[in-house]
Amino acid sequence: MPAFPFSSLRRVKRLALPIALAMLALPATALAQSQGRTAQGHISVATVADMISRSPSDSAARQRLSLYLTGIGESAGYLISMSEDVGVAFECPHSFSLGSDTAWAAIATAVPDSSAWAQTPAAPIILADMLERAGCR
C-alpha cells in the first residue's frame, strides 16, 4: 500500500481555515445584500419602503418596521440626553413622533428617485426628519 504524503495533509490543513472562512463569507455577503442593506451595511431606504408597503397585510413586516422605527426613536432620545451630559445644548420644543407615515414621507421626500433606494441608508433620513419635526436645534 502506498504511503500517504503527510506534507499534502499539512497543506490541506493550512488551507482549510481560509477556505472555510471564505465559504462562510460568501453567503453572509449575499444575505446582507438580500436583506436590503447598503454596501456599507446600513439598512436601505428600499428595505424600509418595502416594510412600510407590506406592513398593513404582513404581521412580520409590521413587527420588523415597528422594531426598526422604535430603535431610531430610542437612539435619538439617548443621543440627545448624552449631548446634554457633555454640555452640548440641544433643544427640542416639540415631542418626538415617528410612525410608518412619517418615515415614508421622509424617505420619499429625501430620495424621490427609487433607483437610488437600495444604496441609500434610511436611518439618517428618518432621524433628521424626526428631529426637524420636533423643532430640535
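The values are calculated or read from the model by the stated rules, or taken from the named source; none is laboratory data. This structure is a prediction, so every number in the text was calculated from the model and none was measured. Heads up, the Cβs are rebuilt from the backbone with ideal geometry, glycines too, and the neighbour counts pull from every protein chain shown. Heavy atoms of the whole protein, side chains included, go into the accessibility calculation; ligands, DNA and RNA do not. Shrake-Rupley method; radii C 1.70, N 1.55, O 1.52, S 1.80 Å.
Listing for the model above:
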{"read-out": "Any pair with Cβ under 8 angstrom, 6 or more apart, that starts in the stretch 43-61 at a residue that is touching a residue at least 24 places away in the same chain (Cβ under 8 Å) and ends at one that is part of a strand (DSSP E or B)", "value": "I43/R37; I43/P121; S44/R37; S44/P121; V45/P121; T47/R37"}
{"read-out": "Qualifying residue in the stretch 84-93 (condition: out of contact with any helix residue (DSSP H, G or I) (no Cβ under 8 Å at 6 or more places or on another chain), outside any loop (DSSP other than H, G, I, E, B), over 14 Å from V48 (Cβ atoms) and without any contact (Cβ under 8 Å) to a residue 60 or more places away in the chain)", "value": "yes"}
{"read-out": "Restricting the stretch 108-127 to residues that are small (G, A, S) and more than 15 Å from G77 (Cβ to Cβ), the residue that is least open to solvent (accessible area, probe 1.4 Å)", "value": "A122"}
{"read-out": "Answer from A22, A49 - the residue that is part of a helix (DSSP H, G or I), at pLDDT 95 or above and more than 17 Å from E132 (Cα to Cα)", "value": "A49"}
{"read-out": "Candidate set from the stretch 98-137 (those that are more than 20 Å from the chain's Cα centre (by Cα) and of a type in the set (G, A, S)); member that is nearest to D50 (Cα to Cα)", "value": "A134"}
{"read-out": "Residues located in the stretch 99-134, provided they are more than 22 Å from Q40 (Cβ to Cβ) and in contact with a Ser or Thr (Cβ under 8 Å, 6 or more places away or on another chain)", "value": "S100, R133, A134"}
{"read-out": "Failed item, numbered, when P56 is tested on (1) over 30 Å from E91 (Cβ atoms); (2) open to solvent by less than 100 Å² (accessible area, probe 1.4 Å); (3) at pLDDT 95 or above", "value": "(2)"}
{"read-out": "The stretch 94-107, residues that are loosely packed, with under 15 Cβ neighbours inside 10 Å, in a loop (DSSP other than H, G, I, E, B) and either in contact (Cβ under 8 Å) with a residue 40 or more places away in the chain or not small (G, A, S) (or both)", "value": "H94"}
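Okay, residues lined up against (1) farther than 19 Å from G36 by Cα; (2) at pLDDT below 90; (3) outside any helix (DSSP H, G or I):
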| residue | (1), (2), (3) |
| --- | --- |
| S66 | no, no, no |
| S75 | yes, yes, no |
| S81 | yes, yes, no |
| T109 | yes, no, no |
| S115 | no, no, no |
| D129 | yes, no, no |
